[in-house]
Each structure stands twice: as C-alpha cells, then as structure tokens.
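Heads up: the structure comes next, in structure tokens.
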Amino acid sequence: MTTKVSLSAVAVMLSVALVSGQTRVTVPANKYTPAQDVELGREAAAEVRQKLPMMRDDAVTSYVEDIGRRLVATIPAEFSHPEFRYTFETVNVREINAFALPGGPMFINRGMIEAASTEGEVAGVMAHELSHVILRHGTAQASKATKYEVGSILGAIAGAVIGGRVGSVVAQGAQFGFGTYFLKFGRQFERDADIGGAQIMARAGYDPRQMANMFRTIEKQGGSGGPEWLSDHPNPGNRVEYINKEAQSLRVQNPVQNTQGFERVRAHLRSLSPAPTTEQATRTANKGGSSAPRAGSSRPTGRVTPPSSKYTEYNEGDIFRVSVPSNWRELSGSSAVTFAPEGAFGDQNGQNVFTHGVQMGIARNETHDLDTATGELIESLAEGNPRLTRATGGYRRASVDGRPGLQTTLENVSEVTGRREVIQLVTAEMRDGNLFYMIGVAPEDDVRAYEPAFQRIARSIRFAR
Ligand SMILES: [Zn+2]
C-alpha cells in the first residue's frame, strides 16, 4: 500500500517534469479573428474540392478521419477554437503532400499515405498540419501584409470577389493556383508546427519520432512530389534532430505501432488504379480558368515600357470600376488587386513584389475618420515595409468618385532594385465607412512618367456601392 502511494507520487512528479521539459509554442500575432479563419478556410476548401479529385472512398475517408479525430481530441485548451471545424479529406493524387486551411479543413494526398511506412508517419504529417491550423499560421501569415497589401479581411474579401476569382484570396503562387497564400510558411512557423505537432502526437499516443521519419522520407523524394510539401513547409534546419529531441521529453508509453487499420487501407489503395499526378488530375479541371497571371511566378526583370496612353476598364467584383493603362496586367493577389506592366512584377523571397504599377484594396475602418484610418493604413504598410518613410507635405485633400479622400506621398527602398521608390497613396472613405486605398509605385527616376498615370487612374475610379 505504502509502495503504491509513493509510486503515484513519483509519477506525478515525473509528469510535471515532463511538461516543463516541453518546448513552449506561442501563437503569433494575427489581425484576423478565429471566425474569419473559418470563413476564409471554408472558401478556400470549396475551391480545393472543385479543383482537385477528392477520394470518395469510405474506407480511406474513415481511416484518415479516425486519425484526425484522435489528434484533435488532444488539442490543449489554450489553442482550442470552438468555432473551428476539423475535416480530413483525401485527395486522389500521387504526390507526397498534405495541407490544411485556416479554421480546420485538411487535405491529405493519397500519395502521402502510400509513402508512409507506419500510421504514426501519417499522423505526424497530420499533426504538423493541425498545428498550423490551431496556431492560426495561415491568417498570421496573411496578416504580414505582402508588399503594399493590407492584411485586412475586407481587403481579402474584396480581393476574393475582384475579377470574379472567388479563390483569389488563396490564388497566389503555387502550381495550381490556390492555397499557397495560407500554406507557405516561414521557418519559425515550421518549427512551431513541428514542435506543436510532436506534442499533439505524443498526447494522442503516437511516437513523435515517426513525424521525423516521414519528413526524412519526404526529403528523399526527389522529383516526385517531395519538394512540393517542402516548398510550403521549408525545413527550418536540423528538423529531424530537434523533433527527436522534443520526443525525448515527450516519452510515450506503448506508442501506436503498425495498426491493422493502416495495413488494411494500404492494401485497399493497392487494389485501386494508381493515383494520377496532380498535373494530370487538374489539366482538364482548370481549363478555361482565369488567365490573370499570378504575381508569384517570376522575378521582376526591371525592363518596363512606359504607361500606355490607351486605357482599359476593369470591373472589380462590383465593388469599383477602374481604368488603367492598357499595357498593364491585372494580377491576382490575396487581399488587393494589382495592375502592373510586364517586367514589373514577380516574386522575391516568397513575397509578391512589383516595381511599377498600382495596387488597390479596401481596408476595414473602425474609426470612421479618414485621417485616422489613413494613418492606420500607413502604419500597416510600414509593418511590411520597414524602409517606408513619409515624405514631407502631409495629406492633401482629394476626392475619389465624389467621396472625401486624401492623397499623400511616401518613399520606400525597393526590395527588388535596392533603389528609392516613390509611393503615391490615395485613400477615400467609402459609403459603408470602409477605407478604399490606391497605391501607385514607381522608382524615383521614373516617377515623372508615372505620376500622370496614377492621377488618371485615381480619377477613373467609380464605386459601385
Ligand atoms: Zn508546415
């Protein structure tokens, strides 16, 4: 009897020691609300289901869902969001990939299950993805405003509606045009998702080292899909080592080994015809899609022709109309619409950038005071662009389609050319109180050629509401 008591006392002490040995994972700053995560994730998931072949196979679905439920049940209270809806769907494609969207929808490629050698490896990838969801990394990433984009939800919705591309909120980069905005993570987020995922696995009875094993498998996969997962989830360095180290502080008693369920599902998958590649699967599905180029496809070349004197009108999702020089192209963005000439836009270090052109969006305005709202907008811009400075001259009163507006000039150092660029910012209070903004960007040397175009574009704006 006495022995038993002292044993349990030891056990209590041990478990305290184990908890304190765990690495603490923190939730990053986020401008979105959890409800907005749900909304954005739902929209993106609908697009995913439309574009990718979902496996409607009860055996596979229920197997993956079981693992998912088991993991979800261990989410600690501090990270739990009652409004999140966790779903687990399998995509019938060959590549070793998986991704999860804000608010809960998770997609696991059939190729991921086929490449795993244990259920724990499948659970490891899912636990990693689940960590991104509960730490709200997708919208935290979106909060970090790309170039002059403001990470505002209204902006995001406007962006989504703009050009009729429902999915443009997630339509950046990536081969197949969705998801990446929420899916491409930086090293800190990756590390946190690995650590958080290891902890979830341990609580769910899996050995976290199996996550490290799966990542090793993925890294070994050269051309056949490994890199796709890795480009969204870059190795922060020493990934396998720190996961295994974390696993040591998370000792799991009798971890789940190979399960009958895993073997059954694998045998079932082998009995089906092989999964196509994502490219094969989406080739037909995406025909006739938007021809708008994605900003994330290349680096700006810097060879740019001056703004045409001919203008083309665009109707932006029944929010506003605008005319821009006809040699500029409309670029899909996550929360704003950008028009830029060929050679002026592209991708740098995972960020969409442009050297010449205009960007427009709508930012939530809670103050209903144009000066304050414009000041807040400039602050958001400065967060994503540390070298942004306000030029002298302050605000000039302006009017956009008859609505009260402000105009101001800012300066920045281009992340592409390293040279100074001038930013003409025009804001206006919309009828619903929100803030419309237009940002004209040109290198200092070219600003004289671009300023008249920015003015003409601003004059052409017509709000639909
Ligand atoms: Zn990740």
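I'd like to know if segment 43-59 contains one or more residues that are under 21 Å from Ile200 (Cα atoms), out of contact with any strand residue (DSSP E or B) (no Cβ under 7 Å at 6 or more places or on another chain) and touching a residue at least 40 places away in the same chain (Cβ under 8 Å). No: zero hits. Among the residues of segment 406-420, those that are of a type outside the set (Lys, Arg), outside any strand (DSSP E or B) and either touching an Asp or Glu at 6+ places or on another chain (Cβ under 9 Å) or at positive phi (or both) comprise Ser414, Gly418. Pairs please, first residue from segment 210-221 and under 11 Å from Ser117 (Cβ atoms), second anywhere and of a type outside the set (Ser, Thr, Tyr) and outside any helix (DSSP H, G or I), Cβ atoms under 7 Å, 6+ apart in sequence or on different chains. Qualifying pairs under 7 Å: Met214/Ala116. Against the list (1) without any contact (Cβ under 8 Å) to a residue 12 or more places away in the chain; (2) in a strand (DSSP E or B), the condition Gly375 fails is (2).
Among the residues of segment 88-105, those that are assigned to a loop (DSSP other than H, G, I, E, B) and among the aliphatic types (A, V, I, L, M) comprise Val93, Ile96, Leu101. Val447 - would you say it is surrounded by fewer than 21 Cβ atoms within 10 Å (Cβ to Cβ) and not in a loop (DSSP other than H, G, I, E, B)? Here the answer is yes, as Val447 does meet what is asked. For the structure I just gave you, tell me whether Met55 is farther than 15 Å from Leu269 by Cα and buried (at least 16 other Cβ atoms within 10 Å of the Cβ). The answer is no for Met55.
For segment 243-264, residues that are more than 14 Å from the ligand (Cβ to nearest atom), assigned to a helix (DSSP H, G or I) and of a type outside the set (S, T, N, Q) total 7. Annotation note: Cβ proximity below 7 Å between a residue of segment 408-428 that is without any contact (Cβ under 8 Å) to a residue 40 or more places away in the chain and a residue that is assigned to a loop (DSSP other than H, G, I, E, B) and among the hydrophobic types (A, V, I, L, M, F, W, C) (sequence gap 6+ or interchain) occurs for Thr409/Ala391; Leu410/Leu388; Leu410/Ala391; Glu411/Ala391; Asn412/Leu388. For segment 413-428, the count of residues that are buried (at least 21 other Cβ atoms within 10 Å of the Cβ) and farther than 23 Å from Thr355 by Cα is at least one. Of the residues that make up segment 92-102, is at least one in contact with an Asp or Glu (Cβ under 9 Å, 6 or more places away or on another chain), within 16 Å of the ligand (Cβ to nearest atom) and either modelled with pLDDT of 95 or more or of a type in the set (S, T, N, Q) (or both)? So far as segment 92-102 goes, yes, one or more of its residues are in contact with an Asp or Glu (Cβ under 9 Å, 6 or more places away or on another chain), within 16 Å of the ligand (Cβ to nearest atom) and either modelled with pLDDT of 95 or more or of a type in the set (S, T, N, Q) (or both). For segment 42-77, the set of residues classified as closer than 20 Å to Met112 by Cβ, within 25 Å of the chain's Cα centre (by Cα) and in a helix (DSSP H, G or I) consists of Ala44, Ala45, Val48, Arg49, Lys51, Val64, Glu65, Ile67, Gly68, Arg69, Leu71, Val72, listed by residue number. What do you reckon, is Ile113 out of contact with any Leu (no Cβ under 7 Å at 6 or more places or on another chain) and not aromatic (Phe, Trp, Tyr)? Against the criterion (out of contact with any Leu (no Cβ under 7 Å at 6 or more places or on another chain) and not aromatic (Phe, Trp, Tyr)), Ile113 does not qualify.
Somewhere in segment 205-215, is a residue more than 20 Å from Asn109 (Cβ to Cβ), within 16 Å of the ligand (Cβ to nearest atom), assigned to a loop (DSSP other than H, G, I, E, B) and not charged (D, E, K, R)? Looking for residues that are more than 20 Å from Asn109 (Cβ to Cβ), within 16 Å of the ligand (Cβ to nearest atom), assigned to a loop (DSSP other than H, G, I, E, B) and not charged (D, E, K, R), one finds at least one in segment 205-215, hence yes. Determine, yes or no, whether Arg397 is surrounded by fewer than 16 Cβ atoms within 10 Å (Cβ to Cβ), under 26 Å from Trp328 (Cα atoms) and either modelled with pLDDT under 90 or basic (Lys, Arg) (or both). In short, no.
The values are calculated or read from the model by the stated rules, or taken from the named source; none is laboratory data. Bear in mind that the values here come from a model prediction, so they are computed numbers and not experimental data. FYI the Cβ positions are ideal-geometry reconstructions off the backbone, even for glycines, and counts take in every protein chain you see.
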